[in-house]
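Only the coordinates and a few stated rules stand behind these numbers; no lab work does. Values in this document were obtained by computation on a predicted structure and should not be read as measured data. Because the Cβ atoms are built from the backbone with ideal geometry, glycine has one as well, and the counts that use them run over all protein chains shown.
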Amino acid sequence: MDSEQRLRRHGLRVTRQRLAVLDVLDEGGHPTVDDIVKRARERVGSLSTQAVYNVLTMLDEYGLARKLEVSGSHARFEARAGDNHHHVVCRKCGAVEDVDCAVGDVPCLQAAQSHGFAIDEAEVTYWGVCPSCQTDS
């Protein structure tokens, strides 16, 4: 399903800015807002950073994108949302990759103590050193 159809399916207006941001996210990876702004501007010309933040917030709210907040890094975003996957982060260069759920059932992990919460998701970040940084050592 293309970006325009995804927006319409959620009852959202189709704008050049929204399409540009979605297209950047669809290229894959986990870009920062600055990366998204730069690449979206290549598509639509003038585009404010605030407009990109607004689009990303809306896409996250509607489940069309996912915000990833990795300790020690700027927020990152991805198009892969709603499937309860996890991430691995390089301690040296900050590279981020997706890791599919280890078990496959939501929430993937069972909490030892729920404190009365109805747990429906687990967010796991694996930390290590990526292959490129391993060879640079």
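For the options 97, 42, 78, a Gaussian network treatment of the chain with springs between C-alpha atoms closer than 10 Å singles out 42 as fluctuating the most. Secondary structure note: in the chain, about 65% of the DSSP beta bridges are antiparallel.
What does the helix-only formula give at 222 nm for the chain: each DSSP H stretch with n ≥ 4 adding -39500 (n - 2.57), the total divided by the residues, and the result rounded to the nearest 500 deg cm²/dmol?
Working: 5 runs with 49 residues, N = 137.
Result for the chain: -10500 deg cm²/dmol, rounded to the nearest 500.
With both labels modelled 7 Å from their Cα along Cα-to-Cβ, the residue 57 to residue 26 distance reads 2.5 nm. Overall shape of the stretch 40-137 was characterised from the C-alpha gyration tensor. The equivalent ellipsoid obtained from it has semi-axes of 27, 23, 11 Å, in decreasing order. Ranked by how many other Cβ atoms sit within 10 Å of their own Cβ, fewest first, the residues 87, 115, 10 fall in the order 115, 10, 87.
When only Cα pairs below 8 angstrom with a gap of at least 6 residues are kept, the chain shows a relative contact order of 18 percent.
Evaluated over the Cα positions of the stretch 3-78, the convex hull gives a direction-averaged projected area, one quarter of its surface, of 4.6 nm².
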